[in-house]
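Encoded as structure tokens, the structure appears first; notes follow it.
The values are calculated or read from the model by the stated rules, or taken from the named source; none is laboratory data. This is a predicted model, so every value here is computed, not measured. Quick reminder, even Gly has a Cβ in these numbers, built from the backbone with ideal geometry, and neighbours come from all protein chains shown. Ligands, DNA and RNA are stripped out before the accessible areas are found, and what is left, the full protein with its side chains, is counted by its heavy atoms. Shrake-Rupley method; radii C 1.70, N 1.55, O 1.52, S 1.80 Å.
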Amino acid sequence: MDGTRDAVLLGQIGAREVQKYAAPGVPSTIVRPKPTRMEAFKVGMGPILLTVVNLGVFFSIWEFIGYKEYLPPIFFPRPSMVMLELWEVTLSGLLWRHLSYSMINLAIGFTLSVLVGVPLGLALGTFKRFNQILSPYYWALNSMPRIAIWPLLVLWGGFAIKVKIMLIFISAIMPILINTMSGVITVDPVLARVGKVMGASRMQLYTKIVLPYTLPFVMSGLTQGMSRGLVALMVSEM
């Protein structure tokens, strides 16, 4: 009852008064002065202003180093020249043509990694013998630097689009597969036993217990897989 009365009293007094917990007999509200415009500006625009200043200083130093040509301009161009070139290729249409080519490669490779990695991870986490058979191969592929595979892929298939998609697929599938498998393995056994006691079938155990429990692991794997796929895309096109 006291908490309800204090809440009603706080609403009647106004937003300037902030509720606090106190001993019986001590006022439960404290009056704070209304913030000035400068204080409100700092609270609302402070992080944005800090970011703008931070990036402005960074690009100013970059522009100065590029202008003085302490480093070769071909390897360290000025940001103003980069933005000018970006504007020109955007107007000419070259940017969208090359960007669409890269995004198509990334979309195909990442989609294939999801279609293969998620079901395979679920199977590896469910069937112990199957996991024991494939574990040496996927752990070896996961520990191998993906960049080291690129020269072999070029030797086998040249610079065709399928080779770039293959590198993106190999790079993105490992975190998806391993995270999905880990999610299945770490499902609380008590939940599975309760489901069996309640008469749930294997499909119901998957749809009602395993998949909801594994979903956060799958999303984490997709995030890591996308980042690795972007790195593989940059490597394959450079």
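Atom-type composition of the exposed protein surface of the stretch 152-238 places 73 percent of the accessible area on carbon and sulfur (1.4 angstrom probe).
Write down the accessible area per residue of the stretch 183-238 in Å², having rolled a 1.4 Å probe over the full set of protein chains. Mind showing how you got there, number by number?
Working: 3710 Å² over 56 residues.
That works out to 66 Å² for each residue.
Couplings 3J(HN,Hα) of the stretch 181-197, computed from phi: 4, 5, x, 5, 5, 8, 4, 4, x, 4, 5, 5, 5, 5, x, 5, 4 Hz, in residue order, whole Hz [Karplus 6.51 cos²θ - 1.76 cosθ + 1.60, θ = phi - 60°; x for Gly and Pro].
Going from most exposed to least, what order do Trp150, Trp96, Trp62 have by accessible area with a 1.4 Å probe? Before the final figure, lay out the partial values.
On the way: Trp150 30, Trp96 145, Trp62 70 Å².
Of Trp150, Trp96, Trp62, the descending order of accessible area is Trp96, Trp62, Trp150.
A simple rule links phi to the HN-Hα coupling: the Karplus curve 6.51 cos²θ - 1.76 cosθ + 1.60 with θ = phi - 60°, which for the stretch 165-180 gives 5, 5, 5, 5, 4, 5, 6, 8, 6, 5, x, 5, 5, 5, 5, 5 Hz, with x for Gly and Pro. Rounded to the nearest 10 square angstrom, Phe76 shows an accessible area of 60 square angstrom against a 1.4 Å probe. Counting only protein chain heavy atoms and rolling a 1.4 Å probe, the accessible areas of Ser92, Ser201, Ser171 rank, largest first, as Ser92, Ser201, Ser171. Note on Tyr213: accessible area is roughly 90 Å² with a 1.4 Å probe, heavy atoms of protein only. Per residue, the stretch 109-149 exposes an accessible area of 61 Å² to a 1.4 Å probe, with every protein chain left in place.
Extending 7 Å from Cα along the Cβ direction at Asn54 and again at Glu69 yields two label points whose distance is 3.4 nm.
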